[in-house]
Amino acid sequence: MITRSRIIGCGACLPDRIVTNAELAARIDTTHEWIVERTGIFERHVAAEGECTSDLATRAAERALASAGIGASALDLIILATATPDHTFPATAVRVQGRLGMNRGAAFDIQAVCSGFIYALTVADQFLRTGQAQTALVIGAETFSRLLNWEDRNTCVLFGDGAGAVVLHAEPGEGNARDRGILSSHIHADGRYYDLLKTDGGPSSSRSIGLLRMVGREVFRHAVIHLADVVGEALAVHHMTLADIDWLVPHQANRRILDGTVRKLGFAPEKVVVTVDRHANTSAASVPLALAEAVADGRICPGHLVLLEAMGGGFTWGASLIRM
Ligand code: COA
């Protein structure tokens, strides 16, 4: 017998305000057609003035707890992935913990930008499998709109705000791929590419939080290669092929990266969960948002084999193979 981290609840939260491509085209030199053709994005949600990452995270967490049928007092761990914390410190996870009324256990943030949720899931899984926690809340939450130069058409059309959360519970497994829960996670980083996708500020390098800077073409090229590689790595560990996967839940960076990766892998496009058209790139929130949507609408069912993957600034990238 071994311990598996099973997903027992999912939740999501998007800000009310929707910004369409037409609205952006009225402000900067771009068109709806260009954005759709190059990115597949039609609209994105943007947090209201004063609406913080913790607000979105708390609502997603409450919905995940409700779907799990447990209260916050059952949690002994919160890990929140974000590159847009409310404050430089304390951790946004602690703010969410306070709002949920959970006052025991541990709460901390993880920063791996768009791969943050996969990193957070990986860390939470380690806590559960070693018996250090029984029930964990893992959140990906972002307000990337605060990092954007809204005059820069190269970047501002690509991102949105949101949060997604899952509740993990430690349960016994047999140690094979029929077990329900996280079967394995695979995370990577390569700091040689630090400058290709970053902000030009931060507490120890400047007095401002900075704005997002990106060498889009290079990011695109690396994303397709790393994502295809890490999917292959996850499958190889379990002697599986893509035919075994019921659903691929990829990071929703843009439609062309998504399609390019799926084509490189030779995976069936109808088994890919896509939200980028409505959410744009919500960084660490994108995978749990897409997962929560596909669980809520009944596409992803108990027993399905689901592969999550993401790639982000750093570069960081990773994948998790999960039996729901
Ligand atoms: N509207 C209209 N034109 C735009 C534009 C916009 N929103 N954004 C850029 N352009 C222009 C550029 O200025 C450039 O014009 P120029 O040739 O006169 O200089 C032209 O379009 C082509 O730019 P280029 O960067 O070569 O386009 P591209 O086909 O590579 O597409 C991205 C740009 C950003 C969509 C693409 O590189 C990409 O998707 N990169 C990955 C980004 C990403 O997902 N990052 C997050 C990963 S976690």
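The values are calculated or read from the model by the stated rules, or taken from the named source; none is laboratory data. As the structure is a prediction and not an experimental result, all values here were calculated from the model. Here the Cβ positions follow ideal geometry from the backbone for every residue, glycine too, while neighbour counts run over all protein chains shown. Accessible surface areas use protein heavy atoms only, side chains included; no ligands, DNA or RNA. Shrake-Rupley method; radii C 1.70, N 1.55, O 1.52, S 1.80 Å.
Residue 314 meets all of the listed conditions (1) within 15 Å of the ligand (Cβ to nearest atom); (2) surrounded by 20 or more Cβ atoms within 10 Å (Cβ to Cβ); (3) part of a helix (DSSP H, G or I); (4) more than 12 Å from the chain's Cα centre (by Cα) but one, namely (3). Taking residues in the stretch 107-129 that are open to solvent by 10 Å² or more (accessible area, probe 1.4 Å), and partners anywhere that are in a helix (DSSP H, G or I) and aromatic (Phe, Trp, Tyr), the pairs with Cβ atoms closer than 9 Å and at least 6 places apart or on different chains are 110/117; 110/119; 111/119. Within the stretch 89-106, residues that are closer than 13 Å to residue 59 by Cα have Cβ atoms under 8 Å from residues that are part of a loop (DSSP other than H, G, I, E, B) and among the aliphatic types (A, V, I, L, M) in these pairs: 100/75, counting only partners at least 6 apart in sequence or on another chain.
What about residue 89, is it open to solvent by 50 Å² or more (accessible area, probe 1.4 Å), under 28 Å from residue 250 (Cα atoms) and not small (Gly, Ala, Ser)? Here the answer is no, as residue 89 does not meet what is asked. For the stretch 32-50, residues that are exposed (fewer than 14 other Cβ atoms within 10 Å of the Cβ) and within 16 Å of the ligand (Cβ to nearest atom) total 2.
Residues in the stretch 249-280 that are polar (S, T, N, Q) and closer than 17 Å to residue 44 by Cβ: 252, 254, 275. Yes or no: the stretch 199-216 includes at least one residue that is within 15 Å of the ligand (Cβ to nearest atom), outside any strand (DSSP E or B) and out of contact with any helix residue (DSSP H, G or I) (no Cβ under 7 Å at 6 or more places or on another chain). Within the stretch 199-216, not a single residue is within 15 Å of the ligand (Cβ to nearest atom), outside any strand (DSSP E or B) and out of contact with any helix residue (DSSP H, G or I) (no Cβ under 7 Å at 6 or more places or on another chain). Within the set 12, 26, 22, the sole residue that is under 29 Å from residue 260 (Cα atoms), modelled with pLDDT of 95 or more, in the same structural domain as residue 86 (by TED's automatic domain parsing) and open to solvent by 50 Å² or more (accessible area, probe 1.4 Å) turns out to be 22.
Answer yes if at least one residue in the stretch 230-242 is surrounded by fewer than 16 Cβ atoms within 10 Å (Cβ to Cβ), within 28 Å of residue 320 (Cβ to Cβ), in the same structural domain as residue 308 (by TED's automatic domain parsing) and near the ligand (Cβ under 9 Å from one of its atoms), and no otherwise. There is no residue in the stretch 230-242 that is surrounded by fewer than 16 Cβ atoms within 10 Å (Cβ to Cβ), within 28 Å of residue 320 (Cβ to Cβ), in the same structural domain as residue 308 (by TED's automatic domain parsing) and near the ligand (Cβ under 9 Å from one of its atoms). Checking each residue in the stretch 51-71 for being surrounded by fewer than 21 Cβ atoms within 10 Å (Cβ to Cβ) and under 27 Å from residue 302 (Cβ atoms) picks out 59, 62, 63, 66, 67, 69, 70, 71. Being at pLDDT 95 or above, surrounded by fewer than 22 Cβ atoms within 10 Å (Cβ to Cβ) and not hydroxyl-bearing (Ser, Thr, Tyr) holds for only one residue in 272, 249, 166, 157, and it is 272.
Could you list, in sequence order, the residues of the stretch 65-114 that are in a loop (DSSP other than H, G, I, E, B) and either within 30 Å of residue 191 (Cβ to Cβ) or not assigned by TED's automatic domain parsing to the domain that holds residue 168 (or both)? 82, 83, 84, 85, 86, 87, 88, 89, 90, 91, 111, 112 - these are the residues of the stretch 65-114 that are in a loop (DSSP other than H, G, I, E, B) and either within 30 Å of residue 191 (Cβ to Cβ) or not assigned by TED's automatic domain parsing to the domain that holds residue 168 (or both).
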